[in-house]
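Bear in mind that the values in this text are calculations on the coordinates, not laboratory data. Computed from a prediction, not measured in an experiment: that's the story for all the values here. Please note: Cβ atoms are built from the backbone with ideal geometry, for glycine as well, and neighbour counts cover all protein chains shown.
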Amino acid sequence: MKNNYSLTISIFLFFISVCNICMETKAKPLCPVIKERINFTVKVIPKNISYNLDLRQKELNQLAGKNLKQKSNQRVLGLTSTKQSVSARMRGHTTQISSSLYCTGITTVDVEIKVMQLNVYVLGKYPRGSCQYSAIIDHEHEHVATYQTGISELERVFNNRLWNIIRNLPPGIASTSKRSANAAFKHMEEKITALRTPIEQAMKYRDRQIDTPLSYKLLTQQCASW
């Protein structure tokens with residue numbers, strides 16, 4: 001009799017647990033599966049190089065953030081300045097899932113990678129066509145090529161990853177349709193940031209490797225005098 005009583009208690013507790021799960025499921029209605037087609041685009045807006053080839057040493061140092069009085073074996077001979085923006089336009093499908101809850105899933109994401117700044121500055125001391133000018137401009141074009149490679153990598157990663165990210169993105173759930181849409185958009189913005197941040201960090205790292213003491217030494221060795 002003791003064993004039968006224990007079994008009855010166990011079955012009863014199991015039944016309560018199952019009922020609790022049912023109640024929780026009913027309390028949190030699931031978002032319906034979005035049947036709309038998932039769409040995305042990735043657009044790169046490039047920019048031509050803007051050249052300033054007649055800068056004085058003081059102007060170039062100021063642009064580079066260096067102090068003329070700073071003692072160093074290196075001088076600023078050229079400089080490349082870059083800047084980009086990554087923005088996204090999004091659309092979603094919103095459904096009311098209870099009397100006080102709305103659910104939004106992302107259906108369309110249009111990403112724009114815009115090159116906002118691509119400037120090359122060169123010390124005007126050396127005339128165009130001189131050995132020194134050619135060495136400096138070739139070095140700055142290395143920076144440009146590294147930057148443009150990074151922009152292409154951003155475009156490639158977005159094209160390869162966005163569809164799966166949108167498909168698996170958590171929906172936005174809130175008490176109003178606007179809030180649920182904003183929550184979904186925030187989820188997407190976080191994913192876009194997670195994609196772009198390591199690539200942009202790698203771009204900066206690769207760019208710094210062009211300006212090592214060794215690269216400066218090799219540059220100045222190309223010409224007899226500076």
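Using a Förster radius of 30 Å, what is the FRET efficiency between Ser175 and Gln117 based on their Cβ-Cβ separation? Nearest 0.05, please. Please list the in-between numbers first.
Values: r = 42 Å, r/R0 = 1.41.
Rounded to the nearest 0.05, the efficiency is 0.10.
Could you compute the FRET efficiency for Gln222 and Arg89, with r as their C-beta to C-beta distance and R0 at 35 Å, rounded to 0.05?
On the way: r = 47 Å, r/R0 = 1.35.
Working from the Cβ atoms, E equals 0.15.
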Original post:
Under 16 Å from the Cα of Lys191, which aspartates and glutamates turn up, not counting those fewer than eight places away in the same chain?
Top reply: Asp110, Glu112, Glu155, Glu200
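Hey, which of these cross-link pairs are over 18 Å Cα-Cα: Lys83/Lys186; Lys43/Lys83; Lys35/Lys186; Lys47/Lys125; Lys58/Lys217?
On the way: Lys83/Lys186 24 Å; Lys43/Lys83 16 Å; Lys35/Lys186 22 Å; Lys47/Lys125 27 Å; Lys58/Lys217 22 Å.
Flagged as over cut-off: Lys83/Lys186; Lys35/Lys186; Lys47/Lys125; Lys58/Lys217.
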Original post:
So what are the radius of gyration and Dmax for the Cα set of the stretch 34-220, in Å?
Top reply: 22.8, 76
**OP:** Please report, in Å, the Rg and the Dmax of the stretch 34-144, where both are computed over Cα atoms only.
**Re:** 23.9, 76
